[in-house]
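All of the numbers you see were taken from the coordinates with simple rules; none came from a lab. Everything quoted here is computed from the prediction, not taken from an experiment. When we count neighbours, we look across all protein chains shown, and the Cβ atoms used for this are built from the backbone with ideal geometry, even at glycine.
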Amino acid sequence: QVHLVESGGGQVQAGGSLRLSCVASGSTLSIVTMNWYRQPPGKQRELVASITGGRSTNYADSVKDRFTISSDVARSTVTLQMNNLKPEDTAVYYCNAVQIRGPPAHEYEDWGQGTQVTVSS
């Protein structure tokens, strides 16, 4: 199992920046992909960005060219740099770790507790 702790959320005006961090502990060697999800008020949770193998990244269309995901494997940390924030980015942001453990190989997921990001216009 992996324990995840997010930090860095807060309130910012539109156009501003925030940097979210997620520190993983526990079975970190089993992690294959780290994700950032978000859940806006009254909406479903959605995938924002992912990083696999510490290098391969993917982004939701809504955040491309504004958000950057990166990881520090040695420190078991993944960060999400968010620039040019918009009011529609307001949400609770969650860190997610996908792991492969076994044998037999099986996929597991763990979640952080979430951190609130509020962007005012």
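I'd like the residue in region 102-121 that is without any contact (Cβ under 8 Å) to a residue 24 or more places away in the chain and not acidic (Asp, Glu) and, out of all such residues, is nearest to residue 86 (Cα to Cα).
Narrowing region 102-121 to residues without any contact (Cβ under 8 Å) to a residue 24 or more places away in the chain: 102-107, 109.
When the remaining residues are screened for being not acidic (Asp, Glu), the result is 102-106.
Details: 102: 42, 103: 44, 104: 44, 105: 41, 106: 38 Å.
Out of the qualifying residues, it is 106.
Going through region 92-121 one residue at a time, which ones are in contact with a Gly (Cβ under 9 Å, 6 or more places away or on another chain) and closer than 17 Å to residue 4 by Cβ?
92, 93, 94, 95, 96, 97, 110, 114, 115, 116, 117 - these are the residues of region 92-121 that are in contact with a Gly (Cβ under 9 Å, 6 or more places away or on another chain) and closer than 17 Å to residue 4 by Cβ.
With the condition being surrounded by 14 or more Cβ atoms within 10 Å (Cβ to Cβ) and not β-branched (Val, Ile, Thr), I'd like the strands (runs of 3 or more DSSP E) fully within region 7-121 carrying at least 2 qualifying residues. Before you say what the answer is, go through the steps one by one.
Values: elements: 10-13, 18-26, 31-39, 46-52, 56-59, 67-72, 77-82, 91-101, 106-111, 115-120.
The strands (runs of 3 or more DSSP E) meeting that bar are 18-26, 31-39, 46-52, 56-59, 67-72, 77-82, 91-101, 106-111.
Determine whether residue 23 is within 16 Å of residue 1 (Cβ to Cβ) and not small (Gly, Ala, Ser).
Judged against the criteria, residue 23 is a match.
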